[in-house]
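Novice: Shown below is the structure under consideration.
The values are calculated or read from the model by the stated rules, or taken from the named source; none is laboratory data. Given the structure is predicted, the values throughout are model-derived calculations rather than measurements. Virtual Cβ from ideal backbone geometry, glycine too; neighbours counted across all protein chains shown. Only protein heavy atoms, including side chains, enter the accessible area calculation; ligands, DNA and RNA are left aside. Shrake-Rupley method; radii C 1.70, N 1.55, O 1.52, S 1.80 Å.
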Amino acid sequence: MKKTIDINLGGMLFHMDEDAYAVLSSYLEALRRHLAATEGREEVLSDIEARIAELFSQYAAGSPKVVTVLNVQAAMSTLGQPQDFGPEAEPASESSSESSSESSSESKDRRRRLYRDADDKVIGGVCAGFANYFSIDVVVVRIVFLVLGFFTGFGFILYLILWAATPKAVTPAERLAMKGKPATFENIRQTVEEEFRNVESKINNAESRRKVRNASKSVGDFIASLVQGLARFFGMVFLVFALLLGAGILIAVFGNGILQEDAQVSVIELLGIFLPAGGFGKAYFWTATVLVLIGPLVALLLLALRLLFRQQGLVQRGLLGAALILSVGGIVMMALLGARIGSEFREEGSVVHSVLLPEQVQTWNLAMESTAVMGGVEFNFNDDDLDESSWILTDDRVYYEGIEIDLRPTVRVKPSLEWTAEAQGGSRRAARERAGGIDFQVRTDSTGQIFVGDLLNYAKADRFRGQRVQLTLYLPVGQRVHLDPNTSAYLKDVSNTSDAWDEDMAGRMWLMTDQGLAEFK
Amino acid sequence: MRKGVLELCALRVLGRGEAYASGISEALKQADLLVVEGTLYPLLTRMKNAGWLDYRWEESKSGPPRKYYQLTEKGRILLEALNSEWTAFVDAVNSLKNS
């Protein structure tokens, strides 16, 4: 025989054995103590009591319901011992151990990621993202970008690229990573909480990007940090390269180009004289150049971002793909331009000019006469003979020393002098017209002096298309000619009986024979 | 971590529709995720107080009225956030296993 006690549990009446009652009440008391630090303890306890009542009413199906010790123990094993109510009971101790292990084992920056911060944005949140990453005031970052933008223009471009390349922190986990907080459930909860408090905006979770979280660090710390250090170093190098490349593009597009020999004329201008007239002009060339460079630039920037901030993702891959497509487009444009320029060198044309020579002269003197050029800038190039050739550009004309002098015997009685202007063109007619546009001066006097201009010139509008002048002096056998030393660079394969080099012929007196010139002593 | 996972699991169960405490614990037990029911009660109460869950009373034939919990709008957002975080985490761990 056992004494029963009536109890009210969860609003229900139960008859309990005395010992069953003792077990239950000590269990509930233990729970009450265990949950002391838990918020809403009373509610939890009443929920538990209700559940126990439910279990009891299942066990003791009959009426009146009598609850035994066995029933209580069954309910207890379903619900669990107080310690099974888990870490829930000790929230304080758990969170403190968590945070201390973090600060000791991992530096804050390790888990930090570069994201755009849409919560604190003016344009795209790039600056705020950087501020988060480096833990500096966003105002400082904005000022740096503004200064870069206004003084070099590069800040704007950089901003746009970073805008495209940096993912926006969308999910709470990304927002935490952006600020260097670990993405624990507790923190995520807080972030979502804040979000609710701040804005009533809905988050676009559909587009939530997957981020492969860096797995928790294991033992090989030293190697890891070494590798990371190297990665950062290369990241910096790539970033610098990318910046230089970007700056180069900007200078090319907006600047005055690279100055040659302190001259005030840019390479762009020189190039403009080389590029075809019409649709394939400078604008086309620069567009192609910039397009070609965009691929490497974006690739370098992304590589730098990846090494420096461990960023990677679909957005970047898409951006890189787009940039590479643009680069291929630029290469195609360049190829078309090259083909077009090549076509303008396809045909050759020439115009022959005769110069009147004075009568009664037996001994000639051939000398170069410097051409007067008003203003202009000089450029020097190495041509294929390894000789330096000079070009002078004035506002509308090109001066060039492309003159070749030859001396040949003639069977006629009188000497003659003629110069042939030559040029290339897309058609024979175009080439001939261009050759006709070449201006060149030869002057003679009655004493037998022949002064040859040292520069030919033509209109810039004609472009560089192989314009040159061949000057030939035909002498009857027996006449003499003195070659002035200054003709040395202009003589071209002049045939002579002693097989002297052209350079050795200048500065001497020669006699014309039917075999060519012979030195006259 | 365990606590967080349990929390996510409870939220997922509730994501399928409203449920009462024993129902949730039943689902978790079937998935071998929960050993004893008791763990769940403080959790549910705390999540309710945080505004992730809401509940209504429903009469029961076999005992006292039951609390039927359901996700609030806020709770749904949390669930989605935790879900994607969990997927990323599992992917990360699995990627280690496979390589």
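Novice: What is the gain in length, in nm to one decimal, between A:Q190 and A:R346 on full extension, counting 0.36 nm per residue of separation less the C-alpha to C-alpha distance?
Specialist: Values: separation 156, 0.36 × 156 = 56.16 nm, distance 7.36 nm.
Gain in length upon complete extension: 48.8 nm.
Novice: Given a 1.4 Å probe and every protein chain left where it sits, what share in percent of the accessible area of chain B is carbon and sulfur? Write down the numbers at each step before the final one.
Specialist: Details: 2410 of 4710 Å².
Exposed carbon and sulfur together represent 51 percent of the surface.
Novice: Still on this structure: With the full set of protein chains in place, find how many percent of the accessible area of segment A:433-478 is carbon and sulfur; take the probe as 1.4 Å. Numbers along the way, then the final one.
Specialist: Details: 750 of 1630 Å².
Its accessible area is 46 percent carbon and sulfur atoms.
Novice: Report P(r) for segment B:5-61: all Cα-Cα distances, bin width 10 Å, range 0 to the bin holding the largest distance, values in whole percent.
Specialist: So the P(r) values, bin by bin, are 22, 60, 17, 0.
Novice: Past the 14 angstrom mark, what percentage of all C-alpha to C-alpha distances in segment A:279-364 do you count? List each step's numbers first, then the result.
Specialist: On the way: 2714 of 3655 pairs.
It works out to 74 percent of all Cα pairs.
Novice: Now a separate question. Could you give each residue of segment A:344-358 its phi-based ³J(HN,Hα) in whole Hz, using Karplus coefficients 6.51, -1.76, 1.60 with θ = phi - 60°, and x for Gly or Pro?
Specialist: Taking θ as phi minus 60°, the curve returns 7, 10, 5, 10, 10, x, 9, 10, 9, 10, 9, 10, 6, 10, x Hz for segment A:344-358.
Novice: Leaving ligands and nucleic acids out of the surface, order A:S26, B:S60 by accessible area at 1.4 Å, largest first.
Specialist: On the way: A:S26 70, B:S60 20 Å².
Descending accessible area places them as A:S26, B:S60.
Novice: Sort A:M178, A:M76 by heavy-atom solvent-accessible area, probe 1.4 angstrom, most to least. Walk me through the intermediate numbers first.
Specialist: Working: A:M178 0, A:M76 30 Å².
Greatest to least solvent exposure: A:M76, A:M178.
Novice: I would also like to ask the following. At a cut-off of 20 Å², which residues of segment B:21-47 become less accessible once all protein chains are present than in their chain alone, using a 1.4 Å probe?
Specialist: Buried by the other chains: B:S22, B:V36, B:E37, B:G38, B:T39, B:Y41, B:P42, B:T45, B:R46.
Novice: Might you tell me the accessible area per residue for segment B:27-85, computed with a 1.4 Å probe and given in Å²? Mind dumping the intermediate values first?
Specialist: Details: 2620 Å² over 59 residues.
On a per-residue basis, segment B:27-85 sits at 44 Å².
Novice: Let me ask something else. What angle do you read, to the nearest 10 degrees and between 0 and 90, between the alpha-carbon axis of helix B:21-30 and the longest principal axis of chain B?
Specialist: 40 degrees
Novice: Please give the length that would be gained between A:L28 and A:V373 if that part of the chain were fully extended, namely 0.36 nm times their separation in residues minus their C-alpha to C-alpha distance (nm, one decimal).
Specialist: Numbers: separation 345, 0.36 × 345 = 124.20 nm, distance 11.00 nm.
113.2 nm is the gain from fully extending A:L28 to A:V373.
Novice: Continuing with this model, one more query. Taking the Cα centre of chain B as origin, work out the dipole magnitude from +1 charges on Lys and Arg Cβ and -1 charges on Asp and Glu Cβ, in debye rounded to 20. Present the calculation step by step, with values, prior to reporting the outcome.
Specialist: Numbers: 14 positive and 12 negative charges, 34 e Å.
Dipole of chain B, to the nearest 20 debye: 160 debye.
Novice: Interface size between chain B and chain A, please: total buried accessible area, 1.4 Å probe, rounded to the nearest 100 Å². Please list the in-between numbers first.
Specialist: Numbers: alone 6570 and 29350 Å², together 32210 Å².
Approximately 3700 Å², summed over both chains.
Novice: Could I ask something else about it? Using amide H atoms built 1.01 Å from N in the peptide plane, name the residues 5+ places from A:K168, or on other chains, whose amide H lies under 5 Å from its own.
Specialist: Answer set, sorted by chain and number: A:R116.
Novice: Search the structure for amide H atoms under 5 Å from the amide H of A:Q441, placed 1.01 Å from N in the peptide plane, and list their residues when 5 or more places away or on another chain.
Specialist: A:G453
Novice: Still on this structure: To the nearest whole number, what is the average tally of beta carbon atoms from other chains within 10 Å of the beta carbons of peptide A:48-55?
Specialist: Details: counts 6, 1, 9, 12, 2, 4, 9, 4.
Mean number of neighbouring Cβ atoms from other chains: 6.
Novice: For a bin width of 10 Å, list the pair-distance distribution of segment A:402-521 built from all Cα-Cα distances, rounded to whole %.
Specialist: With a bin width of 10 Å, the distribution comes to 13, 40, 30, 15, 2.
Novice: Using 1/(1 + (r/R0)^6) with R0 = 22 angstrom and r between the beta carbons of A:R232 and A:D137, what's the FRET efficiency to the nearest 0.05? Write out the running numbers ahead of the final one.
Specialist: Numbers: r = 23 Å, r/R0 = 1.05.
It comes out at approximately 0.45.
Novice: Could you work out how far helix B:2-15 tilts from the main Cα principal axis of chain B, as a 0 to 90 degree angle to the nearest 10?
Specialist: Its long axis makes an angle of about 60 degrees.
Novice: If you don't mind, another one. Given a 1.4 angstrom probe, I'd like the percentage of the accessible area of segment A:1-73 that is carbon and sulfur, rounded to a whole number.
Specialist: On the way: 2030 of 3740 Å².
The C+S portion of the solvent-accessible surface of segment A:1-73 is 54 percent.
Novice: Would you tell me the accessible area of B:F89, worked out with a 1.4 angstrom probe on the heavy atoms of the protein chains, in Å² to the nearest 10?
Specialist: 70 Å²
Novice: Principal axis extents for segment A:4-54, Cα atoms only, whole Å, descending order, please.
Specialist: Dimensions of segment A:4-54 along the principal axes of its Cα atoms: 34, 20, 12 Å.
Novice: Out of residues 5 or more away from A:R508 or on other chains, whose amide H comes under 5 Å of its own, with H placed 1.01 Å from N in the peptide plane?
Specialist: Residues meeting the amide H criterion: A:L483.
Novice: Given the peptides A:125-134, A:160-169, arrange them by the average over their residues of other C-beta atoms within 10 Å, most packed first. Write down the numbers at each step before the final one.
Specialist: Details: A:125-134: 22.8, A:160-169: 19.9.
Highest-to-lowest ranking by the protection proxy: A:125-134, A:160-169.
Novice: Figure the gain on full extension for A:I123 and A:A461 (residue separation times 0.36 nm, minus the Cα-Cα span) and round it to one decimal in nm. If you can, show how the numbers build up before the last one.
Specialist: Details: separation 338, 0.36 × 338 = 121.68 nm, distance 4.60 nm.
Going from the current span to full extension adds 117.1 nm.
Novice: Along Cα→Cβ, 7 Å out, is where each label goes; now give me the distance between the ones at A:E433 and A:A335 in nm to one decimal.
Specialist: For the pair A:E433/A:A335, the computed spacing is 3.1 nm.
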